[in-house]
1. Where a ≥ b ≥ c are the square roots of the eigenvalues of the C-alpha gyration tensor, would you call the range 121-177 rounded, which needs a/c under 1.5, or, failing that, prolate if a/b is larger than b/c, or oblate?
2. Please report the spacing between the Cα centers of the range 165-214 and the range 32-77 in Å, no decimals.
3. Evaluate the distance, in nm, between pseudo-label points positioned 7 Å from the Cα of ARG79 and of GLU207 along their respective Cα→Cβ axes.
4. Please arrange ARG75, ARG247 by how many other C-beta atoms lie within 10 Å of their C-beta, fewest to most.
5. Calculate the dipole size of the range 137-182 relative to its Cα centre from +1 charges on Lys and Arg beta carbons and -1 charges on Asp and Glu beta carbons; express the result in debye to the nearest 20.
6. What does the C-alpha gyration tensor say about the overall shape of the range 69-198? Classify as rounded when a/c is under 1.5, otherwise prolate if a/b is larger than b/c, or oblate.
7. From the phi angles alone, apply the Karplus equation (6.51, -1.76, 1.60; θ = phi - 60°) to the range 125-140 and give each ³J(HN,Hα) in whole Hz, x where the residue is Gly or Pro.
8. Going by average Cβ density within 10 Å per residue, which order do the peptides 35-42, 141-148, 239-246 take, highest to lowest?
Amino acid sequence: MALQFASAANRTILVRRHQKRLDQAFVTAEYRSRFRTWERVATVRNAPLRALEDDGELFFSPELVPALSHPLLQRAEPRVREAVLIHRLYEYLRFTIDLEQSAVIPVTGHISRGMSGLDLPEGMRADAFKIVTDEAWHAQFTYEILSQVRTRTGVAPALPAAPTFTAELARIHEALPPEIRGLDEMLFAIVSETLISSVLEDLPRDERLPEGVREMVADHAVDEAKHHTYFSTLLRYLWPSMTRKERELAGPYIPQLIFAFLEPDYTSAALGLRAAGLTGPEVEQVMSDVYARDTIVADVRRGAAPTLQYFVEAGALEHGATLEAFQESGLIV
Ligand SMILES: [Fe+2]
Ligand SMILES: [Fe+2]
């Protein structure tokens, strides 16, 4: 099954564990933990489970929903536009739950158990336990809010069985050469954890939204700022520990992992529009007008900038095929 971690590639790395192949000039000599104050600042230790009250006029920021700028939706009744926002919130909440549970927790759990195959400082292993706890809490409080939105609005989520990114990750996993299969999970965790989404940044500031939703997203952002540093450091350990061959094989897949994380979930978006009251042909019209390929690629390129920088610094783009893959994907113009 896809998304199993301890695959051939990781066992290979495990065997080399004591070879100390790390490029010491590249890896920082000392790990500087950002989790020393975790007990005092982690939201799982300090923030209550946020609750949805009766406040708030909108459930998502309209400016973050491109479909709403389409003429068809601009002239739609307010209740249709409001329903589109509710479904967009559902999509975001479900994406978050799946990301934490299926992509970040498994990888971080392996690190905490000393099974990543990497020769990491003890402090990084200890901090991995904290991240697993943070992420489980994020999935839990996200689920709580989703349930409460459903109760308050009476609107049932119209979502596919799983977000598109999970199928995309499974596809990439199968496509990888067997000798590096498994690295995709860690690389995807690095990609997703080094990007702070505009949703995390913008929703808490939007006072049109219910306070419970804003507080929940703000809690998430507080913890993610620390995770960001951790995973960028993880890349600094991972990349030099790979053989040249592994780097050359894995590098070209990085753009696909970035797109898996950042590209819109078209299926969920279409289902949301349909459930909000658009007819089938109207949904098709909006989807094809709003999600033009050039616009998507430009958005992903913008969103991927921090991660791209980390991969450049790690030397990932020094290999020709990797650089080409980044150029072909449009991540590098
Ligand atoms: Fe999280
Ligand atoms: Fe995280």
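Where a number appears in this text, it was derived from the coordinates with a stated rule and is not lab data. Values in this document were obtained by computation on a predicted structure and should not be read as measured data. FYI the Cβ positions are ideal-geometry reconstructions off the backbone, even for glycines, and counts take in every protein chain you see.
1. Oblate shape, in that a/c is at least 1.5 and b/c is the bigger or equal ratio.
2. The two parts, judged by their Cα centres, are 16 Å apart.
3. Spacing of the two 7 Å Cα→Cβ label points: 2.9 nm.
4. In order of increasing Cβ crowding within 10 Å: ARG75, ARG247.
5. Roughly 220 debye for the range 137-182.
6. prolate
7. 5, 4, 5, 4, 4, 5, 5, 4, 5, 4, 5, 5, 5, 4, 4, 5
8. 141-148, 239-246, 35-42
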